[in-house]
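Have a look at the structure below, then the notes.
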Amino acid sequence: MWQSKTQSSGIGAEDEADGREYVNVVADYSPEGTIRPVSIRFADGPAFAVDKVISAVHMSATKHNGAETRYYVRIGAREHYLFFEDAQLGRAPRWFVMDNANPTPAPMRDALSPK
C-alpha cells in the first residue's frame, strides 16, 4: 500500500550558487521504500501533477557530500528533471529543480506556466 506525504523543502528557497530551486512535492512512499513524486508546487504558483515518472537514478552528490535521486518526469507535454536530496547533517530531505539540468530548452517554471 502506498502512503502519500507532502514534503516542504523551504518552499521557494533557492541555492544561488548552483541554481537549485527548492519546491514542495507530494509523493507516494511504498512499504518497500520506493518514492514516487505525484505533484510539484513552486512558492508562487499552482500545483502541477506529475503525469509519469520515466526514470529514477540514485547518485552521489559529491558537491554537497550527500546523495540524491534524479527523477525524469513528464508534466503535461514536457519532460523535466526533479531531484530528491537525501537528508544530510541533520537536515530533512528536500526536493529541488534546476533549470540548467532540464532537457527542455525553457526553464521548468516557464514551461509549466499557463500560456
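Each reported figure results from applying straightforward, stated rules to the coordinates on display, with no laboratory input. Here the structure is a predicted model, which is why all the values come from computation and not from measurement. Backbone-built Cβ (ideal geometry, glycine too); neighbour counts: all protein chains shown.
A few remarks follow.
- Residue 43 long-range amide H proximity, modeled H, under 5 Å: 12
- Under a 5 Å amide H cut-off, with hydrogens placed 1.01 Å from N, residue 50 pairs with 39, 40 among residues at least 5 apart or on other chains.
- Pairwise FRET efficiency - residue 43 versus residue 67, Cβ, R0 = 41 Å, nearest 0.05: 0.95
- With 10 Å bins from 0: P(r) over the stretch 20-98, alpha-carbon pairs, percent: 18, 54, 26, 2
- Couplings 3J(HN,Hα) of the stretch 79-92, computed from phi: 10, 9, 9, 10, 10, 10, 9, 4, 4, 8, 6, x, 8, 5 Hz, in residue order, whole Hz [Karplus 6.51 cos²θ - 1.76 cosθ + 1.60, θ = phi - 60°; x for Gly and Pro].
- Ranked by the mean number of other Cβ atoms within 10 Å of their residues, highest first, the peptides 92-98, 71-77 come out as 92-98, 71-77.
- Ordering of 21-28, 35-42 by packing [mean C-beta count within 10 Å, highest first]: 21-28, 35-42
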